[in-house]
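Undergrad: This structure is in structure tokens; I'll ask about it shortly.
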Amino acid sequence: MSTIQTNTVPSGLLTTMNGAPAATNSIQDAQNQFMTLLTTQMKNQDPLNPMDNAQVTSQLAQLSTVTGINQVNASINAMNANFQASQSLQAANMIGHGVFVPGNSIALTTTTNSSGVSTTGGAFGLNLPQNITSGTVKITNAAGAVVKTINLGSLPQGVQTLSWDGSTDSGGAAPVGKYSYSVNATSGAASVTPTNLEFGMVSSVSSGSQGVTLNLANNLGSAAMNSVVQIF
């Protein structure tokens, strides 16, 4: 009578389980590895205690489940890549356009028209959750000093486009550069908290792991595509 050794793991099975990892993680590679492992198990099974049909069916069902999940993941990755490429193309059309994004910066710049006339100004905005009856905007320089206070008066709910001509409270002219601002607004006796909006010209577009971002001119940094409140 031959002796069945059940405490020795066949070398073929060890090779299958511990061999070098595949160069790729494709669905086909996963199927091939699974089938090789299953075949090796069946070849080296105890003939006195073979795998029954339920065990084989269970393992094949696991293969089907894993394959289905991998196929879904592959489809989602492909869709995500196509979506990001499409979003990048759409974002590229925004280069040269102005946008409102959440932020409290004002880029005070000087522009010269075709007639040689130069004007200084900076645009910014507010997204009001409700109508306001009064409000003030305080514009500060890099040192935190208030250079200009603007009275808003009453404004309706929604996105409001505002501007600063560069004049200061002392009657002078502020130098071009980057400023910040804060807002106090009320509706009757109740305080209202608006969303501050900064205006920037889109100079370029970047695409990476965080999605598509818009790079804004005048040192305003970058903004996510989905953060844009308004396009000009």
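Undergrad: Looking only at the stretch 96-106, how many residues end up being among the small types (G, A, S), in a loop (DSSP other than H, G, I, E, B) and within 12 Å of L220 (Cβ to Cβ)?
TA: Going residue by residue through the stretch 96-106, those that are among the small types (G, A, S) are 96, 98, 103, 105.
With in a loop (DSSP other than H, G, I, E, B) added as a condition, the list becomes 96, 103.
Filter once more, keeping what is within 12 Å of L220 (Cβ to Cβ): 103.
Number of matching residues: 1.
Undergrad: State yes or no: is V159 surrounded by 14 or more Cβ atoms within 10 Å (Cβ to Cβ), at pLDDT 95 or above and not basic (K, R)?
TA: Values: surrounded by 14 or more Cβ atoms within 10 Å (Cβ to Cβ): yes; at pLDDT 95 or above: yes; not basic (K, R): yes.
Yes.
Undergrad: I'm trying to understand the selection: among the residues of the stretch 107-150, which are assigned to a loop (DSSP other than H, G, I, E, B) and either in contact with a strand residue (DSSP E or B) (Cβ under 9 Å, 6 or more places away or on another chain) or buried (at least 16 other Cβ atoms within 10 Å of the Cβ) (or both)? Before you say what the answer is, go through the steps one by one.
TA: We begin by selecting, within the stretch 107-150, every residue assigned to a loop (DSSP other than H, G, I, E, B); these are 113-117, 129-131, 133, 141-145.
Those that are assigned to a loop (DSSP other than H, G, I, E, B) and either in contact with a strand residue (DSSP E or B) (Cβ under 9 Å, 6 or more places away or on another chain) or buried (at least 16 other Cβ atoms within 10 Å of the Cβ) (or both): N113, P129, Q130, N131, T133, N141, A142, G144.
Undergrad: If we keep just the residues of the stretch 189-205 that are part of a loop (DSSP other than H, G, I, E, B) and at pLDDT 95 or above, which is surrounded by the most Cβ atoms within 10 Å (Cβ to Cβ)?
TA: Of the residues in the stretch 189-205, the ones part of a loop (DSSP other than H, G, I, E, B) are 189, 193-194.
Within this subset, residues satisfying the condition of being at pLDDT 95 or above are 193-194.
Details: T193: 10, P194: 21.
Of everything passing the filter in the stretch 189-205, P194 is surrounded by the most Cβ atoms within 10 Å (Cβ to Cβ).
The values are calculated or read from the model by the stated rules, or taken from the named source; none is laboratory data. Remember, predicted model here, so these are calculated numbers, not experimental data. When we count neighbours, we look across all protein chains shown, and the Cβ atoms used for this are built from the backbone with ideal geometry, even at glycine.
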